[in-house]
1. Which residue is most open to solvent (accessible area, probe 1.4 Å), if the candidates are limited to the stretch 88-114 and must be among the aliphatic types (A, V, I, L, M) and either closer than 16 Å to His40 by Cβ or modelled with pLDDT under 95 (or both)?
2. So which pairs qualify, if the first residue must be in the stretch 383-405 and assigned to a helix (DSSP H, G or I), the second must be open to solvent by 20 Å² or more (accessible area, probe 1.4 Å) and of a type in the set (D, E, K, R), the Cβ gap must be under 6 Å, and the two must be at least 6 apart or on different chains?
3. Quick check on the stretch 41-73: of everything there that is within 16 Å of ligand 2 (Cβ to nearest atom) and open to solvent by 10 Å² or more (accessible area, probe 1.4 Å), which residue is nearest to Arg110 (Cα to Cα)?
4. How about the stretch 287-328: which of its residues are more than 10 Å from ligand 1 (Cβ to nearest atom) and within 21 Å of Gly39 (Cβ to Cβ)?
5. Being within 18 Å of Ile132 (Cα to Cα) and open to solvent by 20 Å² or more (accessible area, probe 1.4 Å) is true for just one of Pro277, Pro234, Pro302. Which residue is that?
6. Taking Leu359 and the conditions (1) aliphatic (A, V, I, L, M); (2) assigned to a helix (DSSP H, G or I); (3) in contact with a Ser or Thr (Cβ under 9 Å, 6 or more places away or on another chain), which numbered condition does it fall short on, given that it satisfies the others?
7. What pairs come out if I take residues in the stretch 136-160 that are under 13 Å from Val72 (Cβ atoms) and pair them with residues that are part of a loop (DSSP other than H, G, I, E, B) whose C-beta lies under 6 Å away, six or more apart or interchain?
8. Only one of Val58, Val71, Val4 is under 19 Å from the mean Cα position of the chain (by Cα) and within 16 Å of ligand 3 (Cβ to nearest atom). Can you tell me which?
Amino acid sequence: MIDVLLGLQWGDEGKGKIVDYLAGQYDIIARFQGGPNAGHTLYIKGEKVVLHTIPSGVFQSHCLNLIGNGVVIDPVTLSKEIAEISVLCPDLLQRLFVSQKAHLILPTHRALDAASEAAKGTEKIGSTLKGIGPAYMDKTGRNGLRVGDVLSPSFTEKYNKLKNKHLQMMKQFDVEPVDWQQWEPQFFDAVEQLRKLNIVNAEYWLDAHLKAGKKILAEGAQGSMLDIDFGTYPFVTSSNTIAAGVCSGLGIAPTWIGDVYGITKSYCTRVGSGPFPTELHDEWGEAIRKAGHEFGATTGRPRRCGWIDLVALRYAVMLSGVTKLIMTKTDVLDSFTPISAATAYSINGEETHELPFDLCDVEVTPVYTSFEGWKDTPVSNCSSYEELPESFIKYCKFVEEYLGTTIAYISNGTGRDNLIVAP
Ligand code: GDP
Ligand code: IMO
Ligand code: MG
């Protein structure tokens, strides 16, 4: 069976921390989409580690880790990450596998990302500028280079052909191009490293493991509201972040899929531009940012903060068929009261529980339900479900009922063990 774990909001829900914990119960962790735009934070023996391309199962020593075909790989980021993580996991290279069909991010993809964003001016997406959009454009445009291509004797020729195409494209942007040439030597060094990795025919590799009864967890990046089809388009990323992305991003038949873990924070954040109905522009937003240390793991940008948006969450739960909910960062709200949750949107005076076609195009006023906080019994002090304060349980029950799914885990701190199993 293959279970899935994915973010239900705009990313950064704490996927890395949870995968690191759950990996104890799985044989293989497989990333199925996204690329170095992801930043998954783990605390290993008190030390902070941020993973961008490497799956978050590497710190469970029995776990194999696969970078699937749906991922876009920047060889430079990957080789830096391998160097950093190998210090902590000496056997990393024996447990890391890469699909030969994963697409590559070239230096000129990053340059195109920068040029495209600069040209958009005030309408920019707020991209991480890692070259994600241009790399996926080349994939769907049928021009991309894949991991398997690095083994071909004509790789440099293929690279130059695509690079020259990019240089032509760059001319359409009326902006100063970034100095991508400085990245080229690093790129070729990193490609050399990539050639030495376990490059596999991943769909057969996974099939054999599934048939041998191995347990696999597919690790999502970004979040459902950043999905290319169902997110807040055009302020989204360029891949399918919902459960549907697992089949195409790993080459797995849907019949293998078991549980779908969906992660939400106890509030909501977003980094980059785009609509965010429950965003708090006041001191409450600032207080959440401070309490939750809400700064991007990849770019360091301050994250926009607001109350939990149950309308958007229910949509995300529906899209992925979430069977188990995980609520993270519950400790962050310890000192807050009252706590709000958006339970409807008011659009032109009409209440709705559905996401409109284009959130950018309409004025949305969230309709809130208020909850008493749990100031007197901080959840950060709890280590079992029984110890959790009544007002917190009430909040969780409401969320479960609204979303029509049950909470399996409650995270109340950054460490692997700051996790409470719900009954
Ligand atoms: P990801 O992209 O979904 O893996 O999430 P990030 O790593 O980008 O951001 C989540 C941040 O919240 C990281 O700094 C985590 O260490 C931290 N975090 C995760 N779970 C909890 C939690 O329950 N409480 C607190 N206070 N921090 C958490
Ligand atoms: P993890 O996996 C939060 C956002 C960017 C931007 C938009 C498009 O750590 O949750 P892109 O670089 O993909 O072209 O950016 O998507 N974004 C993320 N926000 N967490 C992420 O990943 C993100 N990956 C991309 O900020 O708004
Ligand atoms: Mg992140």
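The values are calculated or read from the model by the stated rules, or taken from the named source; none is laboratory data. Keep in mind it's a predicted model, so treat the numbers as computed, not measured. Neighbour counts run over all protein chains shown; Cβ positions are idealised from the backbone, glycine included. For the accessible areas, the whole protein counts, side chains as well, though only heavy atoms, and no ligand, DNA or RNA atoms are used. Shrake-Rupley method; radii C 1.70, N 1.55, O 1.52, S 1.80 Å.
1. Here the residue is Leu88.
2. Here the result reads Ser391/Glu372; Leu403/Arg314, each pair linking the stretch 383-405 to a residue that is open to solvent by 20 Å² or more (accessible area, probe 1.4 Å) and of a type in the set (D, E, K, R).
3. His52
4. Within the stretch 287-328, Ile288, Arg289, Lys290, Thr299, Gly300, Arg301, Pro302, Arg304, Cys305, Gly306, Ala316 meet the criteria.
5. Pro234
6. Evaluating Leu359 over (1) aliphatic (A, V, I, L, M); (2) assigned to a helix (DSSP H, G or I); (3) in contact with a Ser or Thr (Cβ under 9 Å, 6 or more places away or on another chain) leaves (2) as the failure.
7. Note: pairs meeting the criteria are Tyr136/Ser238; Asp138/Gly144; Arg146/Lys101; Val147/Gln100; Val147/Ala102.
8. Among Val58, Val71, Val4, only Val71 is under 19 Å from the mean Cα position of the chain (by Cα) and within 16 Å of ligand 3 (Cβ to nearest atom).
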